[in-house]
Amino acid sequence: MRAKNTFSKIAVAVALSVGLSTAAMAQSTTSSIKGSVATESGTIYSNATITIIHTPSGTASTATTNENGSFSARGLRVGGPYTIVVTGDGFAPVQVDDVYLSLDQALSLPVTVESSTQTEVIAVIGSATATAGFSNDGLSTSLGLEALNQVASIDRDITDAAAQNPFAAVNFANDAKALTIAGANNRFNSLTVDGVALNDRFGLNDNGFPTQRSPISFDAIESLSILTAPFDVEYNGFTGGTVNAVTKSGTNEFHGSFSYFTTDDSLIGDKSRDDNLDFTFEEETFVATLGGPIIKDKLFFFVAYDTYEETAPLRDGPVGSGALNIEPNITLDDVAQVRQIVSDVWGFDIGGFEKAPAEDEKILANIDWNINDDHRAKFTYLSTDGNTIREQRGNNFTVFGDTLGASSAWYDRSEKIESYIAHVFSDWTADFSTQFKIASTSQKTGQNSLNGAEFPNFAVFLREVDGDSTYLSIGPDRFRHGNELSQDFLTVKFAAEYVVGDHILKAGFEREEVDVNNLFAQNSEGSYAFDSIEDLRNATASELLYNNAVTNNENDLRAIWGYNSNSLYVQDSWDVNPYLVLDFGLRYDWFESEGSIRENQNFVNRYGYSNTTDIDGLDLVLPRFSFEWLATDDITVRGGIGRFSGGSPAVWISNSYSNDGVISDSSNASGVINVPTTPDASTGQYIPQDVLNTLATKATDGSVNALSPDFEIPTTWKFSLGAAYYVDLPVLGDGWLFSADFLYNKLENSSYWFDQRCVSPLPNVTAPDGRGVYDCAGAPEAIVIGSFDDGGKGQLIALSATNDWETEAGNFDMFFSYTNADVQDIGYGTEATATSNYSDFAAFDRQQPSEGISNFQTEHLFKLRFNWSKEFFSGYESKVSMFATRRSGQPYSYTFDENNACVLEFEGGVFGGIDSRGRQGRCARESRHDNAGHLFYVPSGPNDPLFSSASFGGDAATQQAFFDYINNSELAQYAGGIAPRNGDNSSWTTLVNVRFQQELPAFHEDHSLVVTLDIENFGNLLNDDWGRVERTRADFDRNVASAVIDNGQYRYLRFNNQDRIENLELLAQSVWQVQFGINYKF
């Protein structure tokens, strides 16, 4: 921020440069300083000495100006304060105090010297990073210690801090906070901690972390940065954005802290508008940190321990369960009856609706070693071990209707991470420096059904109400029958920088080796459907889905594979003059694969290529360019262009290793099935022997997941242009910083999923609205990942204003931003399995990708960050911090009401046919015409030529209600055509989070005691109608009516009433919540 005090010319130059520091830093753990030494008239000084001292630790680094008067110091600790002393022959020494360095930003320090014998001391009190710890600079946001301490976060989640970036939006999904940056898929971001990637690279978690909660303790973070388009060549591994954290280190003084946070159901709201919510939960967090010297000025340590326990509220449950979302057609008596029958017949406990606590434990240990003045090392150990209970509605897939899962259908999601990281930073000469990193990380993920996975899943039909079938799901859901994942990562990096005149030349090499062991054996215990409770009592099912290895041993389905990524890069950072910096860079990435995919000869014979394609040999050229121009003393212009890759979940590739159609197949049954009441003596399964025998003797011709031979690594071109303007305003005050930034993303080679059995529509058949009709019968499913050249684009504009004030009423600082986004993509890639990625999104024609509004677009996003502090009693500060967002709703599509995950094709498929219970057949595969998740055709009225008069059984009243709904909804604008993808949005959301902090007397004058009060959704605390958070369910769609094709027309079968169509999921974030905390520092 611009300096507000009257300094000498030297001080003004330094303070202004600190406020404008934006030069790119690496995706690393350090910061840097670059600058020059010259007189006011422009005479340069070579061989001037710049001594940089990290005051808390005494760590010193020395740089020398070259023949152009330039210097560069790299590998510096983040934070501060630093003291910088500039000395040399012929000018007075200059000392700059209270300098703070931000992560991922290089401090520009042009020093103007004068002939004198008196040392000039400058305090850089105008630096935004020195005062508030928060800075927003174009496409990057940085939060230091103080800014992190101002974040109101009951979860103590770094996502809450990252949300303060103007381009970042947080969506709530499955009890998780999904961070979207620049409108990209939340899976396409990167998280690095001390230079090591800790995002969910396999791609199973909604929050983007490899853990259910933040993988790093808030109290262990020194600095956090959020970057949307960093053009430095060392950045990659994402196409959305990156969040980079560096952890704390020890200093020459012993320091530590104890913190305790608590909240429970007495500290949460119970009403959002007319909806009453009932919660039963308790959360406790305990944090301890300790740091200090092992050898003063030489060797330091820092450790942090963070433990959390939560008894969570019930999300879904039957009538009388007190759940957040009630299934109105299932009662606790229904559950008790089924529980008793299953216990009597099978000896299995289906469970109830009580949730066990979620737990999380984090450990961090750092050792910093000042080897000498030219070499520094840092060693880090990081461990996170946690679990949470995930409620499931069933995932049975043998039935179509409303399904509620008892606790035996839920699972315990456990995750453990361990990382060992070593860095060495070396200054070999005044102009040449290097950085070496080696890191080893292991990640283990378990998905353990609560009552064990050695039992089938049952879907038990209870009743039908208004045409809706209701089922109770019991036993492990189909995806948890065999589900384990372990990953090991080894990362090596070497980078070097050399200062030549006005150029900083950089070159580096990185390699990461990844080993994956993944078991995913869905339905390996079987999934049954029972048409009545009496059938359940008699152990007589109507449907069975059974998938397994042909050996009937699920462990034979393990995918054991790996990949290696390699990178070479070079960059030239050129200070053209004191006002213009240009960066030119080039990065080259190439990939290797480990392990092999079994070749399926049937697949080869049918389609003419092998299913064994992997990423081995693929490569990318990633050019980068950026500039920063100080146009005037008050205006800075910046911009860049570059190509980025990474972030695509590895599970998409892993599916090819798991599902080759050679070792795995299915053996299904329908009709009258006698379910074994005791497990098979040899396999331990509750599968009829004839079904086991059928699978064991099957020719290996199962379903296949594969990569297209033309598959390419997805990339995104990013172009940005922005400006910052420092100005004093007559009415609003001095020291304003206004910024405007434009970001354009162009997606290339976006991944999409298609069914190889039916890549082209039938030549002489079309749907009534002209869409292609496909026939995929006659062969096992073959889902292939292709690359779509033109995968979409995004245009985003962010405007922001920043200022701070010191008044008698206290100290204030604020940051306001508005971001507008127009993001288009092809809609795929929201799931983990190939089948789900193919079917579980709204599409015009899922076999032929087309652009539409992205699920991840937030068209309008307003943010306000505001802080106030004052000492009412000397030495005891009171603080209030607020972060407010107002955003447009999540997009959704109007679709045909079909089951997006049907596997069994009933007689006649979607064209017609009746199943064993008299239901119209439905199927999500492209069997003839798949309108499962297909965009809805909106008839213009009863006389629409595509509307069959036989719709809804010819019932005039239902037809009239159908058209009344269309004419009074957003669908009216699409009458006579197909509703577009994501053509509508849920309602706007406004959330205000507040943190109160009060310092109190401690046991020692050098200690501090602070009590905190975090309030999330403060608006709902003031008014029940405020702060409501809703989202469209599942696949961002609203199902209007089911239909079949009948003589060239759509014959609509069932019209969902308005409440069902517009049924948004009410989230727990809709009500206020309070957390009390206490923090003692010494």
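The table that follows gives values for the structure above.
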quantity	calculated
Overall form of region 399-541 per C-alpha gyration tensor (a/c, 1.5; a/b vs b/c)	prolate
Linear extension gain, Ala950 paired with Lys1081, 0.36 nm per residue minus alpha-carbon span	39.7 nm
Per-residue Cβ neighbour rank within 10 angstrom, fewest leading, Asp157, Asp333	Asp333, Asp157
Neighbour-count order for Leu179, Leu324, Leu139, fewest beta carbons within 10 angstrom listed first	Leu324, Leu179, Leu139
Sites Gln601 and Leu490, calculated FRET efficiency, Cβ-Cβ separation with R0 25 Å, nearest 0.05	0.10
Pairs beyond 24 Å (Cα-Cα), from Lys879/Lys1081; Lys437/Lys506; Lys444/Lys1081; Lys444/Lys746; Lys355/Lys416	Lys444/Lys1081; Lys444/Lys746
19 Å Cα-Cα reach of Lys378 towards aspartates and glutamates, excluding residues that sit fewer than 8 places from it in its own chain	Asp104, Asp194, Asp219, Glu222, Glu253, Asp297, Asp368, Glu418, Asp427, Glu510
Residues His503, His54, sorted so that the one with the fewest Cβ neighbours within 10 Å comes first	His503, His54
The chain, helix-only ellipticity at 222 nm - DSSP H runs n ≥ 4, -39,500 (n - 2.57), divided by all residues, nearest 500	-2000 deg cm²/dmol
Stretchable slack from Leu618 to Asn68, in nm (0.36 nm times residue separation minus alpha-carbon distance)	193.8 nm
Reachable aspartates and glutamates, given that their alpha-carbon falls under 13 Å from the alpha-carbon of Lys793 and they are not under 8 places away in the same chain	Glu748, Asp822, Asp825, Glu851
Backbone N under 18 Å from the Leu290 label point (7 Å along Cα→Cβ), restricted to region 244-270	248-260
Calculated Rg and Dmax of the Cα atoms in Å (choose from (i) 52.5, 160; (ii) 30.7, 101; (iii) 31.1, 106), label	(ii)
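Quick note: the coordinates plus some simple rules give every number you see, no bench work behind them. No experiment lies behind these values; they were computed from the predicted model shown. Please note: Cβ atoms are built from the backbone with ideal geometry, for glycine as well, and neighbour counts cover all protein chains shown.
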